[in-house]
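Derivation of every value follows stated rules applied to the coordinates shown; laboratory data play no part. Just so you know, these numbers come straight off a predicted model, no measurement behind them. Note that each Cβ is placed from the backbone with ideal geometry, even for glycine, and that neighbours are counted across all protein chains shown.
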Amino acid sequence: MSASAQVYRCEHGGKVSYSDEPCVGAKLVDATPTQGMDKMTGRTRKGADVMRDENRKAVDAALQPLTGLDHEQMNLERKRHKLSAADKVTCRNLDRQLPELEARAARSAASQKQEADKDLYKARKTFFALKC
């Protein structure tokens, strides 16, 4: 899972909505922000957030032999650093379970689809509530 916020596409009664909160039968939407343009005019034009991320990426690469974590994993650790130890364990478990539940929901037969969607919804709701 990425450290960026999750965006869900929900359909209710033929109407589509997008939310950061999961719903039953939600589909994940890739809402990764762009890093902006660089050097099209011959000059670098980057915002403070992009520059901060580039600096963190360089520091994370330098520390990777010590931590064993890549940039994405370090971003997750930064995001979860204020969580309790128990919540961190729950988040790590959900990191492993969510892809399995998503795959199960995607391949479920019609008779089992509703149950698979409910299980996925519950896991996503816990992930959201804990601010994983």
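Structural remarks
- Calculated FRET value between His71 and Gln97, using beta carbons and R₀ = 30 Å, to 0.05: 0.80
- Above-threshold pairs, the threshold being 19 Å between Cα atoms, out of Lys57/Lys82; Lys27/Lys122; Lys15/Lys122; Lys27/Lys113: Lys57/Lys82; Lys15/Lys122
- Stretchable slack from Arg9 to Lys125, in nm (0.36 nm times residue separation minus alpha-carbon distance): 40.3 nm
- On full extension, the segment bounded by Thr32 and Val50 gains 5.2 nm, given 0.36 nm per residue less the C-alpha separation.
- Mean Cβ count within 10 Å, highest first, over the residues of peptides 72-78, 58-64: 72-78, 58-64
- The chain - Rg (one decimal) and Dmax (whole number), Cα, Å: 18.1, 58
- Positive dipole terminus of the chain, leading residue within Gly47, Gln64, Ser19 (C-beta point charges): Gly47
- Counting other Cβ atoms within 10 Å as a rough exposure proxy, the listed residues Thr90, Thr67 run Thr67, Thr90 from fewest neighbours to most.
- In this rough spin-label picture, where each label sits 7 Å from Cα along the Cβ direction, the Glu21-Leu83 distance is 2.0 nm.
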